[in-house]
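What follows is a single structure, written as structure tokens, with notes after it.
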Amino acid sequence: MKKVKLKINEKVIEAVEGKLLLEVAKENGVRIPHLCYEPRLKPYGSCRLCLVEIKGERKLQPACATPVKNGMEVITDSITLYEIRRTIIDLLLSTHPEDCLTCEACGRCTLQDLAYEYGLRKTSYQGEKPHTPLEDHNPLIFREREKCVLCGRCVRICSEVQGVDAYTFAGRGFQTIIATAFDEPLSLKNCEFCGQCVSTCPTGALVSRLEMGKARSWESKGVMTTCPYCGCGCQIVLKVKDNQVVGVESDYETHNRGNLCAKGRFGWEFVNHPDRLKTPLIKKKGKFVKASWDEALALVAEKLKFTKEKFGSESIAFIASAKCTNEENYLLQKLARVVFGTNNIDHCARL
Ligand code: FES
């Protein structure tokens, strides 16, 4: 990979040619405000918050869509840039509901952080606000479209990463909204409920309904772990409050790059569910009763032995689990083949 030298705020920096300026700046400790940029998505350049000055360029350039070149001289902070960014945030706030106190995204909302950073206690552009209906009957994704800043991240992640295209832009100008086809509820469209849109939304426009009202963002602590659902081993962060799991997210800096499926993102309520099985159960006189692992395993061994002796090895089949490790699955097939003499082995690769 060819390296280039450039200057960011007078500091000489070496970077891989063609890498996005915003990413190079971040790697070198220079923060450029942004809203529509998302590391999982292609450059888009719509919010214009990341505009920077580049020596020799007639216009300001979006750092999120500008590849670095040799000899570039970039200024990321100036009075002009500050004023432009402040005006953009002010305009975004002018159509945004002012309910930060009760908003589910409070504390993890990029717009809220930017308003704070640029000292905007309220918008200076008073006027009409768009009125877009809520989608609150969906069991997994809560859509409060009046909080949408039209960054297009949900549209793009649904298309570029998931290949589903459940969302699109509809309307023009002030009437522009993020819609589904014919603006019908997500549940009636091709949505797979992966929640990728929730994971990328920078405001409270899209939130996980399962997490609503369970914890403010600063009340839960993150516990990194591996998703238990399949063999991909996606890294997830459990949000834990008072020893209870209250949500799931995933970091960009993982092999799954923050992407999760519906099970990984929304299938966490079983962890603290009162009906969760915590011990093996054995059916006695038509009723399941709690048993120890020793009892349960002894019963399984006895039944397997009996079945093999009475009906032969071919009468037995083993099904391995995607929730197990490779080593555990290896051991199960070994048990099937060597101990019970059967090749009847399958795997629930899809859960
Ligand atoms: Fe660059 Fe939005 S982050 S234009």
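The values are calculated or read from the model by the stated rules, or taken from the named source; none is laboratory data. Quick caveat, the model's predicted, so the values are computed rather than measured. Glycine also receives a Cβ, built like all others from the backbone with ideal geometry; neighbour counts cover every protein chain displayed.
Would you please list the contacts, defined by Cβ atoms under 7 Å and residues six or more apart or on different chains, that run from a residue in the range 40-65 that is over 28 Å from N256 (Cα atoms) and of a type outside the set (V, I, T) to a residue that is in a loop (DSSP other than H, G, I, E, B) and more than 6 Å from the ligand (Cβ to nearest atom)?
Pairs found: L51/L60; E53/L60; E53/S78.
Could you give me the residue pairs with C-beta distances under 9 Å whose first residue belongs to the range 142-154 and is in contact (Cβ under 8 Å) with a residue 40 or more places away in the chain and under 18 Å from K42 (Cα atoms), whose second residue is in a helix (DSSP H, G or I) and away from the ligand (no atom under 16 Å from the Cβ) wherever it lies, and which are 6+ apart or on separate chains?
Hits for this filter: R153/C197; C154/Q196; C154/C197; C154/V198.
If you scan the range 1-49, which residues turn out to be within 23 Å of the chain's Cα centre (by Cα) and either more than 29 Å from I157 (Cα to Cα) or among the charged types (D, E, K, R) (or both)?
E23, K26, E27, R31, E38, R40, K42, listed by residue number.
Go over the candidates K278, K287 one by one and state the one that is loosely packed, with under 11 Cβ neighbours inside 10 Å, basic (K, R) and under 39 Å from the mean Cα position of the chain (by Cα).
Just a single option satisfies the conditions, and that option is K278.
Of everything in the range 290-314 that's of a type in the set (G, A, S) and in contact (Cβ under 8 Å) with a residue 12 or more places away in the chain, which residue is surrounded by the fewest Cβ atoms within 10 Å (Cβ to Cβ)? Break it down stepwise before answering.
So in the range 290-314, the residues of a type in the set (G, A, S) come out as 291-292, 296, 298, 301, 312-313.
Those left that are additionally in contact (Cβ under 8 Å) with a residue 12 or more places away in the chain: 291-292, 296, 313.
Details: A291: 17, S292: 11, A296: 15, S313: 16.
Only one residue tops the list, namely S292.
What residue, among those in the range 55-72 that are surrounded by 15 or more Cβ atoms within 10 Å (Cβ to Cβ) and more than 14 Å from the ligand (Cβ to nearest atom), is farthest from the chain's Cα centre (by Cα)?
Going through the qualifying residues, I end up with M72.
Among the residues of the range 142-155, are any hydrophobic (A, V, I, L, M, F, W, C), touching a helix residue (DSSP H, G or I) at 6+ places or on another chain (Cβ under 6 Å), at pLDDT below 95 and not in a loop (DSSP other than H, G, I, E, B)?
yes
So if I check each of S46, S78, which one is surrounded by fewer than 19 Cβ atoms within 10 Å (Cβ to Cβ), polar (S, T, N, Q) and within 8 Å of the ligand (Cβ to nearest atom)?
Step by step, each of S46, S78 is checked, and only S46 is surrounded by fewer than 19 Cβ atoms within 10 Å (Cβ to Cβ), polar (S, T, N, Q) and within 8 Å of the ligand (Cβ to nearest atom).
Keeping to the range 155-185, report how many residues are closer than 20 Å to H131 by Cβ and hydrophobic (A, V, I, L, M, F, W, C).
Residues flagged as closer than 20 Å to H131 by Cβ and hydrophobic (A, V, I, L, M, F, W, C) within the range 155-185 amount to 7.
For T87, all conditions in the list (1) polar (S, T, N, Q); (2) surrounded by fewer than 17 Cβ atoms within 10 Å (Cβ to Cβ); (3) more than 25 Å from K7 (Cβ to Cβ); (4) away from the ligand (no atom under 16 Å from the Cβ) hold save one; what is the number of the exception?
For T87, the failing item is (4).
Please go through the range 163-178 and pick out each residue that is without any contact (Cβ under 8 Å) to a residue 40 or more places away in the chain and surrounded by fewer than 18 Cβ atoms within 10 Å (Cβ to Cβ).
G163, V164, D165, T168, F169, A170, G171, R172, G173, T176
For residues that are of a type in the set (D, E) and within 21 Å of I345 (Cβ to Cβ), tally how many sit in the range 288-301.
Count: 0.
Just need a number here: residues in the range 291-333 that are under 30 Å from G264 (Cβ atoms) and among the basic types (K, R).
1
Applying the selection to the range 90-112, what residues are of a type in the set (S, T, Y), in a helix (DSSP H, G or I) and either crowded, with 18+ Cβ neighbours inside 10 Å or touching a residue at least 60 places away in the same chain (Cβ under 8 Å) (or both)?
Scanning the range 90-112 gives a single hit, T110.
Please enumerate the residues belonging to the range 309-325 that are in a loop (DSSP other than H, G, I, E, B) and either in contact with a Lys or Arg (Cβ under 7 Å, 6 or more places away or on another chain) or of a type in the set (S, T, Y) (or both).
Once the filter is applied, which keeps residues that are in a loop (DSSP other than H, G, I, E, B) and either in contact with a Lys or Arg (Cβ under 7 Å, 6 or more places away or on another chain) or of a type in the set (S, T, Y) (or both), the range 309-325 yields I316, T325.
Taking the range 249-308, which residues are of a type in the set (G, A, S), assigned to a helix (DSSP H, G or I) and either at pLDDT below 95 or closer than 26 Å to S217 by Cα (or both)?
Scanning the range 249-308 gives A262, G264.
Cβ-Cβ distance below 7 Å, separation of 6 or more or different chains: which pairs start in the range 1-29 with a residue that is surrounded by 18 or more Cβ atoms within 10 Å (Cβ to Cβ) and end on one that is in a strand (DSSP E or B) and small (G, A, S)?
Pairs that qualify, where the first residue is surrounded by 18 or more Cβ atoms within 10 Å (Cβ to Cβ) and the partner is in a strand (DSSP E or B) and small (G, A, S), are V4/A15; L6/A15; V24/A15.
Report yes if some residue within the range 11-33 is touching a Lys or Arg at 6+ places or on another chain (Cβ under 9 Å), closer than 23 Å to S199 by Cβ, within 12 Å of the ligand (Cβ to nearest atom) and not polar (S, T, N, Q); otherwise report no.
Yes, because at least one residue in the range 11-33 is touching a Lys or Arg at 6+ places or on another chain (Cβ under 9 Å), closer than 23 Å to S199 by Cβ, within 12 Å of the ligand (Cβ to nearest atom) and not polar (S, T, N, Q).
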